[in-house]
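Sending over a structure as structure tokens; questions will come in a sec.
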Amino acid sequence: MAWDPQQYALFGTHRGRPFADLLNRIVAGRPAVVVDLGCGDGPLTLSLTERWPDARVVGLDQSPQMLEAARGHDAEGRVEWVQTSAEAWDPASVGASIDVLVSNAALQWVPGHLDLLPRWVDALAPGGWFALQVPGNFDAPSHALMREVAARQPRAAELEPVLRRVRNIATPAEYLAAFAALGLDPDVWETTYQHVLDPEGRQRSPVLEWVRGTGLRPALEVLTDDTERAAFLDEYTRALDEAYPREPHGVVLGFRRIFAVGHKPA
Ligand SMILES: C[S@@+](CC[C@H](N)C(=O)[O-])C[C@H]1O[C@@H](n2cnc3c(N)ncnc32)[C@H](O)[C@@H]1O
């Protein structure tokens, strides 16, 4: 799937908040090797170099578009950017054990990622940290309406599987059990953010702009015909207007996220 770093960056401040909340629970003093799995367009990975200035930081992502944007942000070449999928990535390729492995808002795109956890946890140094955050909002109106409107389109049969594919998350309890079974000391929680979008009133539908940068992308890739795409977007936008009305202070998007941090015993 092709990513659009500019569209993704529209809500960078809001998207950065859960990353900061995730990192706050990692109590690593001076990690030597830090890896960001599904690093995206760069700013958050670069913030790791500020938090741990002495660390070697590696950013992994499958998308050439995102990595190109990331390299563009990294004028000083502080991060090693590597194109790979989470599934194909061999942690041994880092050449050292990993002190902090973080994955923010990426593993929902990796079906079966629980099965990959043992490989990643094995690669951690004693005392190392593994931290993930995934959206838990697939039943929120933003996504439920996307599926409902998709089901009424002429290409409903093609849209259904691609919209289902992105739901691959576990429950907080399942992440906790998986971390504990791998010998990690688990710290798992969920948060529902109330993002106030577009307070200036510049965007026709800020929730549409938000999902255009992420969860709607697979549907838009199916809808290659301009008329079909416009019909879908028109109906979806009207449904979003009702679910997310504009208030005097902006459009409020409730967004649940799941966090799981594991500490490997020293
Ligand atoms: C929503 S963005 C999150 C980016 C960044 N971590 C952040 O928090 O802003 C999801 C990222 O996961 C990457 N991604 C999706 N599937 C992947 C996979 N199977 N392996 C590696 N990266 C993947 C995408 O290319 C994209 O950059």
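I need the strands (runs of 3 or more DSSP E) fully contained in segment 23-110, keeping only those with at least 1 residues that are closer than 25 Å to Gly213 by Cα, among the aliphatic types (A, V, I, L, M) and free of Cβ contacts under 8 Å to residues at least 60 places away in the same chain. First the steps, then the outcome.
Details: elements: 33-37, 56-61, 79-83, 98-104.
So the answer is 56-61, 79-83.
Here's a follow-up. Inside segment 1-22, can you point out the residues that are away from the ligand (no atom under 11 Å from the Cβ) and part of a loop (DSSP other than H, G, I, E, B)?
Once the filter is applied, which keeps residues that are away from the ligand (no atom under 11 Å from the Cβ) and part of a loop (DSSP other than H, G, I, E, B), segment 1-22 yields only Leu10.
Continuing with the same structure: From the residues in segment 95-109 that are open to solvent by 10 Å² or more (accessible area, probe 1.4 Å) and of a type in the set (A, V, I, L, M, F, W, C), which one is farthest from Phe179 (Cα to Cα)?
Ala96
Among all residue pairs at least 6 apart or on different chains, which show Cβ distances below 9 Å where the first residue, located in segment 196-219, is within 17 Å of Thr13 (Cβ to Cβ) and part of a loop (DSSP other than H, G, I, E, B) and the second is of a type in the set (D, E, K, R) and away from the ligand (no atom under 16 Å from the Cβ)?
Asp198/Arg246
If I filter segment 149-180 down to residues being touching a residue at least 24 places away in the same chain (Cβ under 8 Å) and over 23 Å from the mean Cα position of the chain (by Cα), which single residue comes out as nearest to Lys264 (Cα to Cα)?
That would be Glu158.
Still on this model: So is Phe232 in contact with a helix residue (DSSP H, G or I) (Cβ under 8 Å, 6 or more places away or on another chain) and either more than 16 Å from the ligand (Cβ to nearest atom) or open to solvent by 60 Å² or more (accessible area, probe 1.4 Å) (or both) or not? If you could, list the steps in order and put the result at the bottom.
Values: in contact with a helix residue (DSSP H, G or I) (Cβ under 8 Å, 6 or more places away or on another chain): yes; either more than 16 Å from the ligand (Cβ to nearest atom) or open to solvent by 60 Å² or more (accessible area, probe 1.4 Å) (or both): yes.
Spelling it out, Phe232 is indeed in contact with a helix residue (DSSP H, G or I) (Cβ under 8 Å, 6 or more places away or on another chain) and either more than 16 Å from the ligand (Cβ to nearest atom) or open to solvent by 60 Å² or more (accessible area, probe 1.4 Å) (or both).
Among what's in segment 12-22 and is free of Cβ contacts under 8 Å to residues at least 60 places away in the same chain and open to solvent by 40 Å² or more (accessible area, probe 1.4 Å), pick the residue that is nearest to Leu124 (Cα to Cα).
Ala20
Could you list, ordered by first residue, the pairs with Cβ atoms under 7 Å in which the first is in segment 240-266 and at pLDDT 95 or above and the second is among the basic types (Lys, Arg) and open to solvent by 40 Å² or more (accessible area, probe 1.4 Å), at least 6 apart or interchain?
Taking only residues 6 or more apart or on different chains, the pairs are Val261/Arg25.
So, in segment 16-41, exactly how many residues are in contact with a Phe, Trp or Tyr (Cβ under 8 Å, 6 or more places away or on another chain) and of a type in the set (Gly, Ala, Ser)?
Total meeting the criteria: 3.
I'd like the full set of residues that are over 23 Å from Glu221 (Cα atoms) and either within 11 Å of the ligand (Cβ to nearest atom) or polar (S, T, N, Q) (or both), limited to segment 24-45.
Asn24, Asp36, Leu37, Gly42, Pro43, Leu44, Thr45
Follow-up question, since we're still on this one. Restricting attention to segment 241-255, does a residue exist that is under 24 Å from the mean Cα position of the chain (by Cα), in a strand (DSSP E or B) and under 30 Å from Gly183 (Cα atoms)?
Looking for residues that are under 24 Å from the mean Cα position of the chain (by Cα), in a strand (DSSP E or B) and under 30 Å from Gly183 (Cα atoms), one finds none in segment 241-255, hence no.
Okay, next question. If the requirement is being under 30 Å from Asp99 (Cβ atoms), touching a Gly at 6+ places or on another chain (Cβ under 9 Å) and loosely packed, with under 13 Cβ neighbours inside 10 Å, which of these qualifies: Pro265, Pro172?
Residue meeting the stated conditions: Pro265.
The values are calculated or read from the model by the stated rules, or taken from the named source; none is laboratory data. All values derive from a computational prediction rather than experimental measurement. Cβ sites come from the backbone with ideal geometry, for glycine too, and all protein chains shown count toward neighbours. Heads up: the accessible areas ignore ligands, DNA and RNA and are worked out on the full protein's heavy atoms, side chains in. Shrake-Rupley method; radii C 1.70, N 1.55, O 1.52, S 1.80 Å.
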